[in-house]
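Written out below as C-alpha cells is the structure these notes cover.
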Amino acid sequence: MPNIVLSGYYGFGNAGDEAVLFSIIKALRKIDPEVSITVLSHNPGETAEQYGVGAVNRWSVKEAAEAIKKSHLVISGGGSLLQDVTGIKSLFYYLGIIFLGKLLGKPVMLYAQGFGPVFTNFGRKITRTVVNRVDYITVRDENSAAELKKLGINRPPVEVTADPVMILEPEKNEMERARVLLSELKAGGTFFEADKPVVGVSIRDWPGCELFIEGLAKVCDDLAASGWQVLFIPMHYPKDLILSQRAAGFMKEEAYILEKELPVQSLLGVFANLDLVLGMRLHSLIFAAASGVPAVGICYDPKVEGFLKQVGQINAGNVECIDYNTLKKAVFDAALNPEPLREKLKDRVHQLRRRAWDNAELAVKIARGKQTVT
C-alpha cells in the first residue's frame, strides 16, 4: 500500500488551498483506492476529520520527519508555495520540507505548482539548489515552467499539467443544495431571487487597494441597477469576509454575502449557480472555469493572468492600476455577451481536466516504484 505525504498551505482556512488538497486526495484515491495519505497541516485534527486522512502538525519537525520516514513519496503542492512575495520564511519552510524528504531518502515530487516569483538573490540561490534535487516536477502553467528554466532548474524533468482543482466537476445534489442556500440569503429586506442573473465577486486584500474597492463597488452598483444580483464570495476566512463586507458597504444597492464557510464541493455548487464571476482570487476563477461560468479576472499576480489566458477569459487589468471605467467595460462586455466565453471554456476545460489527472497518475506510479526517478 503506497503511503504519500502532502505538504502545502493546508489547514489555514483558505478555500483555494483546501480545494487543492481536496482535489489531490480525490485524484490519488481514484487512481489507487489503496493509497494512504498523511497531510502536514496547520490544523491536523480538522484536516484529518474533514478529509479522512492522516494528518500531523506541519510546524513539528519531529512529526513531519516521522511521517516522511514511513512514506513512499513526498508531494510538495499544489498552490504557489515556492515564492517569496508572502515572505522569505514561507519559501524556506517549503524548501525545508523538500530537503527533509531528500535527506530521509524519499522521492519528492512538486505537484502542479505555480512557481514564483522569487525576488531575493538568496531565495533564488537556495531554491535552485534544493529544487534541482527533487525527482519530478509538474507545474500548472507555462509561465511556471519558464520561470523554473530561467532560475536554472535543469536536473528533474518538468511537465506542464494543470491546477489540481481542474479535476472537479459540480455535482447535481450540491448544485441543488446551493440553490436552497442562496434562496435563504438576505440583503437589507430582500431575499435572493432565483430567476435573476447573479455575479459572484471574490476579492482579496492588497496594499493600497482602497480606491480599487470603491471602484469595484460602483461597478457592482451598475450591475445591480441593470437587474443583476451581486454575491460576494469570500475564499479566505475571515480576511476576505471582512473585505467583502467593506466593499458591500460602499455600494448604494444591496449586495449578498456568503458569510458561511463551505466545504469544497458545496462551494463549487454555489459557483455552478452563477452567471458570471468577477474574481481576484485565482481559485475563484478556477472554480468558475470548472463550473463552465464566464469570468472576468483582476490580476495581482502573474498566476491570475496566466490562468485567464489558459481558459480564454477576460483580464480586466492589474489591481494596482485598474480604474472604474476599465473595470466596468470588462465586466459589462462579459455580462452582455457571455456565449463566446462559455464556448472557450468548453474547448479548454476538458483538456485541462485531463492534464490535472496526469498529476495523480504520475504520483501513484512514483509511490508504487513504477516510475523511474532521477
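The values are calculated or read from the model by the stated rules, or taken from the named source; none is laboratory data. As the structure is a prediction and not an experimental result, all values here were calculated from the model. Positions of Cβ are generated from backbone atoms using ideal geometry, with glycine treated the same way; all protein chains shown enter the neighbour counts.
Overview of values
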{"read-out": "Filter pass, residue 252 being part of a helix (DSSP H, G or I) and touching a residue at least 12 places away in the same chain (Cβ under 8 Å)", "value": "no"}
{"read-out": "Cβ-Cβ under 8 Å pairs, at least 6 apart or on other chains, the range 118-129 side over 11 Å from residue 84 (Cα atoms), far side among the β-branched types (Val, Ile, Thr)", "value": "128/153"}
{"read-out": "Criterion: over 18 Å from residue 148 (Cα atoms), free of Cβ contacts under 8 Å to residues at least 12 places away in the same chain and either surrounded by 19 or more Cβ atoms within 10 Å (Cβ to Cβ) or in contact with a strand residue (DSSP E or B) (Cβ under 8 Å, 6 or more places away or on another chain) (or both) - qualifying residue of 64, 48", "value": "48"}
{"read-out": "Residues that are among the acidic types (Asp, Glu), assigned to a loop (DSSP other than H, G, I, E, B) and out of contact with any strand residue (DSSP E or B) (no Cβ under 7 Å at 6 or more places or on another chain), drawn from the range 142-175", "value": "169, 171"}
{"read-out": "Cross-chain or 6+ apart pairs with Cβ under 8 Å, the range 152-165 first and over 15 Å from residue 285 (Cβ atoms), then of a type in the set (S, T, N, Q) and part of a loop (DSSP other than H, G, I, E, B)", "value": "152/132; 153/132; 154/132; 155/132; 155/374; 156/132; 156/374; 157/374"}
{"read-out": "Count of the range 176-194 residues which are of a type in the set (Val, Ile, Thr) and either in contact (Cβ under 8 Å) with a residue 12 or more places away in the chain or part of a strand (DSSP E or B) (or both)", "value": "1"}
{"read-out": "Selection status of residue 135, crowded, with 18+ Cβ neighbours inside 10 Å, among the acidic types (Asp, Glu), in contact with a Gly (Cβ under 7 Å, 6 or more places away or on another chain) and touching a residue at least 24 places away in the same chain (Cβ under 8 Å)", "value": "no"}
{"read-out": "Subset of the range 195-216 that is touching a residue at least 12 places away in the same chain (Cβ under 8 Å) and over 24 Å from the mean Cα position of the chain (by Cα) - its residue that is surrounded by the fewest Cβ atoms within 10 Å (Cβ to Cβ)", "value": "196"}
{"read-out": "The range 322-331, subset surrounded by fewer than 16 Cβ atoms within 10 Å (Cβ to Cβ) and at pLDDT 95 or above, residue farthest from residue 210 (Cα to Cα)", "value": "329"}
{"read-out": "Answer residue from the range 1-24, given it is in contact with a Gly (Cβ under 8 Å, 6 or more places away or on another chain) and of a type in the set (Val, Ile, Thr) and is farthest from residue 74 (Cα to Cα) among those", "value": "20"}
{"read-out": "Selection from the range 261-314 of residues that are out of contact with any strand residue (DSSP E or B) (no Cβ under 6 Å at 6 or more places or on another chain) and of a type in the set (Gly, Ala, Ser)", "value": "266, 269, 272, 289, 290, 291, 292, 306, 312"}
{"read-out": "Evaluation of residue 230 against (1) assigned to a loop (DSSP other than H, G, I, E, B); (2) surrounded by 17 or more Cβ atoms within 10 Å (Cβ to Cβ) (one fails), failing number", "value": "(1)"}
{"read-out": "The range 52-83: number of residues that are out of contact with any Phe, Trp or Tyr (no Cβ under 6 Å at 6 or more places or on another chain) and assigned to a loop (DSSP other than H, G, I, E, B)", "value": "10"}
{"read-out": "Condition check for residue 277: part of a strand (DSSP E or B) and either more than 21 Å from residue 315 (Cα to Cα) or within 19 Å of the chain's Cα centre (by Cα) (or both)", "value": "yes"}
